[in-house]
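Asker: Handing you a structure now.
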Amino acid sequence: MGNETTNAKSFRLEVDLEAVAGDPAEELGRILRYWAGNLKHYSFDQPHREAVMDSEYHEVGHWSLS
């Protein structure tokens, strides 16, 4: 990203830890690792919102960039 300008003001991640499959700490760690590496594929010049899945591919939350 370097010296690029961005319109993004915030990043939010919401995960329902009661809804995840398995151990909540392990699931949250997996979700954080995945999205930390995946954010490079998104432009920070426009808003985004994506579903967050647990390891059994059940929707357990979402993230947004705005």
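The values are calculated or read from the model by the stated rules, or taken from the named source; none is laboratory data. Bear in mind that the values here come from a model prediction, so they are computed numbers and not experimental data. Every residue, glycine as well, gets a Cβ built from its backbone with ideal geometry; the counts of neighbours run over all protein chains shown. Side chains included, ligands, DNA and RNA excluded: accessible areas come from the protein's heavy atoms. Shrake-Rupley method; radii C 1.70, N 1.55, O 1.52, S 1.80 Å.
Asker: With θ set to phi - 60°, apply the Karplus curve 6.51 cos²θ - 1.76 cosθ + 1.60 along region 15-31 and write out the HN-Hα couplings as whole Hz, x wherever there is a Gly or Pro.
Answerer: Those phi angles translate into 10, 7, 5, 6, 9, 6, 7, x, 5, x, 5, 5, 5, 5, x, 5, 4 Hz.
Asker: Moving on to the next point. If you roll a 1.4 Å probe over the chain with all protein chains in place, what percent of the accessible area is carbon or sulfur?
Answerer: On the way: 2380 of 4850 Å².
Roughly 49 percent, rounded to a whole number.
Asker: Counting only residues 5 or more places away or on other chains, whose amide H sits under 5 Å from the amide H of VAL60 once H atoms are built in the peptide plane?
Answerer: For VAL60, the qualifying residues are VAL52, MET53, ASP54.
Asker: While we're on this one: 7 Å from Cα along Cα→Cβ at both LEU17 and ARG30: what's the point-to-point distance in nm?
Answerer: 1.7
Asker: Sticking with this one: Can you pull the Rg over Rh of the chain, Cα-only, Kirkwood?
Answerer: Working: Rg = 13.1 Å, Rh = 12.7 Å.
Expressed as Rg/Rh, it is 1.03.
Asker: Can you work out the PRE-style zone for GLU56? Point 7 Å along Cα to Cβ, and I want the residues of region 18-38 with backbone N under 12 Å.
Answerer: Those under the cut-off are 19-23.
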